[in-house]
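Trainee: Take a look at this one; I'll ask things after.
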Amino acid sequence: MSVSRPRIIRTVRLPEEAEKRITASFDAPPPPSSPLSTEEVFRLAAETKAQAVLVTNSSPVRADDAALIPESVGLIATVSVGLDHLDVKAITDRGILISNTPDVLTDCNADLTMLLILAASRRMTEYTKIIRDGWKRGLGMDELLGIRVSGKTLGIVGMGRIGQAVARRARGFGMTVLYNNRRRLDPQKEQGATWFENLEDMLPQCDILTLHLPGGPESDSLINAATLSLLPRGAVFVNAARGRLVDEDALIEALTSGQIAAAGLDVFRNEPDPDPRLISLPNVFATPHIGSATRETRTDMGMLALDNVEAFVQGKPLLTPVTA
Ligand code: DGY
């Protein structure tokens, strides 16, 4: 084992270019064929005296797990922007650094959000089923009609990097953009969007609502029976952020009663294996948490995680540090 090559463990196989870089410049066991459990990863890290561990949300590091991180490990580099699988305080309290992968996935997540808005509004689950089952009869003029997206009012909850990228795209569809955020953005970032300090004040004005908040105890079930009831009847709901933001029982009820016309969902409270009552609804268009899942973006995420590892072992500041 060469001393100059950073010693790492990764919990998942990374995209090809990142794997090639690991082979060329890092000391690491071969990529796992399936995601390693948190226990396995720390056992391997102890055996190989790894300096850094690359994780994803498939190997959470909670407070109890943080106690198991071997002494050799000085950096947990998560290949994600989200941090809800990490107990940041418990890890940093042990003097271990954390990095994540913001920015590089903003565009792909915003692209997927637009896809979910369009697919839910335009009844893509039902149309795809007709085509796949063998399309034998033309649809009537008034049959299975969707909801026009262009020109509608979009409410964005959470106007960070991804929320702002969704707003840019929505403007291309001639949409009016409202947003709820703790702080008002400066006019250059706001680009004509209207700020609402209170979510409850914004909801009655939204034809379509999309969430772009981090997960965590403060935002758990932010979308619930009460908030759903404030939307205009027949609104469209989209979530490509985190499943825990939503009370899924309340969403199922709203989708069944017609309070919500359709939902586009990439994230669920239980992943994998989301609630079958939710994903089997014909007015739900669902994808399996693939906001960043393009070759380009996943490669960029892997490369950024490796850049952080290299910076760490060279004693340089992390490129994208996470602080408690
Ligand atoms: C992220 O980067 O946080 C994605 O949602 C994957 O977990």
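Read-outs: derived from the displayed coordinates by stated rules, not from any lab. These numbers come from a predicted model, not from an experiment. No Cβ is skipped: glycine too gets one built from the backbone with ideal geometry, and neighbour counts run over all protein chains shown.
Trainee: Which residues, counting only those in the range 174-206, are in contact with a Lys or Arg (Cβ under 8 Å, 6 or more places away or on another chain) and either buried (at least 16 other Cβ atoms within 10 Å of the Cβ) or without any contact (Cβ under 8 Å) to a residue 12 or more places away in the chain (or both)?
Mentor: Across the range 174-206, the qualifying residues are Met175, Thr176, Val177, Glu190.
Trainee: Evaluate the range 3-14: report whether one residue or more is assigned to a helix (DSSP H, G or I), on the phi < 0 side of the Ramachandran plot and crowded, with 22+ Cβ neighbours inside 10 Å.
Mentor: Going residue by residue through the range 3-14, those that are assigned to a helix (DSSP H, G or I) are none.
Scanning the range 3-14 turns up no residue that is assigned to a helix (DSSP H, G or I), on the phi < 0 side of the Ramachandran plot and crowded, with 22+ Cβ neighbours inside 10 Å.
Trainee: I'd like to verify a number: residues in the range 310-324 that are within 18 Å of Arg94 (Cα to Cα) and assigned to a helix (DSSP H, G or I), how many?
Mentor: 2
Trainee: Got a sec? Which of Asp111, Asp64, Asp84 is acidic (Asp, Glu) and within 11 Å of the ligand (Cβ to nearest atom)? Explain how you work it out, then say what you get.
Mentor: Values: Asp111 fails: within 11 Å of the ligand (Cβ to nearest atom); Asp64 fails: within 11 Å of the ligand (Cβ to nearest atom).
It is Asp84.
Trainee: A further question follows. In the range 87-108, how many are within 11 Å of the ligand (Cβ to nearest atom) and touching a strand residue (DSSP E or B) at 6+ places or on another chain (Cβ under 6 Å)?
Mentor: The total comes to 1.
Trainee: I'm trying to understand the selection: among the residues of the range 123-138, which are charged (D, E, K, R) and touching a strand residue (DSSP E or B) at 6+ places or on another chain (Cβ under 9 Å)? Before you say what the answer is, go through the steps one by one.
Mentor: Of the residues in the range 123-138, the ones charged (D, E, K, R) are 123, 126, 129, 132-133, 136-137.
Arg123, the sole residue that qualifies.
Trainee: So Met159 passes all but one of these: (1) part of a loop (DSSP other than H, G, I, E, B); (2) on the phi < 0 side of the Ramachandran plot; (3) within 16 Å of the ligand (Cβ to nearest atom). Which condition number does it fail?
Mentor: Of (1) part of a loop (DSSP other than H, G, I, E, B); (2) on the phi < 0 side of the Ramachandran plot; (3) within 16 Å of the ligand (Cβ to nearest atom), only one is false for Met159: (3).
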